[in-house]
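The values are calculated or read from the model by the stated rules, or taken from the named source; none is laboratory data. Not measured: the values here are computed from a predicted model. Note: ideal-geometry Cβ built from the backbone for every residue, glycine included; neighbour counts use all protein chains shown. Heavy atoms of the whole protein, side chains included, go into the accessibility calculation; ligands, DNA and RNA do not. Shrake-Rupley method; radii C 1.70, N 1.55, O 1.52, S 1.80 Å.
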Amino acid sequence: MLCLLCWAVPVLLLLYIVADVNYFLRIGFVILWGRLFHKKIKVTDSSTIYGFCTTQDVDIFWRHMNNARYVRDLDFARFHFYDRSGMYEEIVRRKGHALQGATTVRYRRTIPIFTPYKIVTKLVHWDDKAIYLEQQFITVPDGFVRAVILSKQSLLDIDVLDMMKKLAGRDPAPQAPEEIALWMQGVEVVSAKLRKKD
């Protein structure tokens, strides 16, 4: 037993040095928790996960969640949405993959330390190349929307319209909300500029 500990401690320490072990543990936990305790949802439904602002999440003043943690937590909520809606399974079945194409965050008010919050993820639009999600950070005690995030998930090596027709049971996609449509235009302007430089 002592010999096992002699090997386990250095290996665990090395893992924490070379990888963000807590990130992978949290993803595994979120997916396992969802599979055990959350029902499957339609791709047009929203999904919700919960979090708690701890001392590992705060900024330099130790008062509220730092900006980087918001973006990190979005991954957990996205994985939960993909898994519960069957989207991940469908992407794998079609031998494709998803990449974060663009994100914009609108911070409204901070999440104080030791405050529980939830992240609500909803699919709001799709086109022939990507799906578009809206995610909200909402503090549990007061129900206040602390941040709203728009993200473009580029789906590669997949006929997105065909996949969404199967998953959503509708064709075409719902009309993009005004904020998404304007944001998509901005993303395209930046992409066009970069293509000219390349």
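A residue that is part of a strand (DSSP E or B), β-branched (Val, Ile, Thr), in contact (Cβ under 8 Å) with a residue 24 or more places away in the chain and within 15 Å of Ile49 (Cα to Cα) occurs somewhere in the stretch 131-140.
Annotation: Lys40 fulfils all but one of (1) within 24 Å of Ala173 (Cα to Cα); (2) open to solvent by less than 90 Å² (accessible area, probe 1.4 Å); (3) not in a strand (DSSP E or B); the unmet one is (2). Count of the stretch 66-91 residues, restricted to those that are in contact with a helix residue (DSSP H, G or I) (Cβ under 8 Å, 6 or more places away or on another chain), in contact (Cβ under 8 Å) with a residue 60 or more places away in the chain and part of a helix (DSSP H, G or I), is 4. Taken together, the criteria place Asp171 among residues that are open to solvent by 50 Å² or more (accessible area, probe 1.4 Å) and closer than 23 Å to Arg93 by Cβ. Counting only residues that are open to solvent by 60 Å² or more (accessible area, probe 1.4 Å) and either of a type in the set (A, V, I, L, M, F, W, C) or touching a residue at least 60 places away in the same chain (Cβ under 8 Å) (or both), the stretch 46-65 holds 5 of them.
Among the residues of the stretch 96-116, none qualifies, meaning not one is of a type in the set (D, E, K, R) and either closer than 21 Å to Lys40 by Cα or without any contact (Cβ under 8 Å) to a residue 24 or more places away in the chain (or both).
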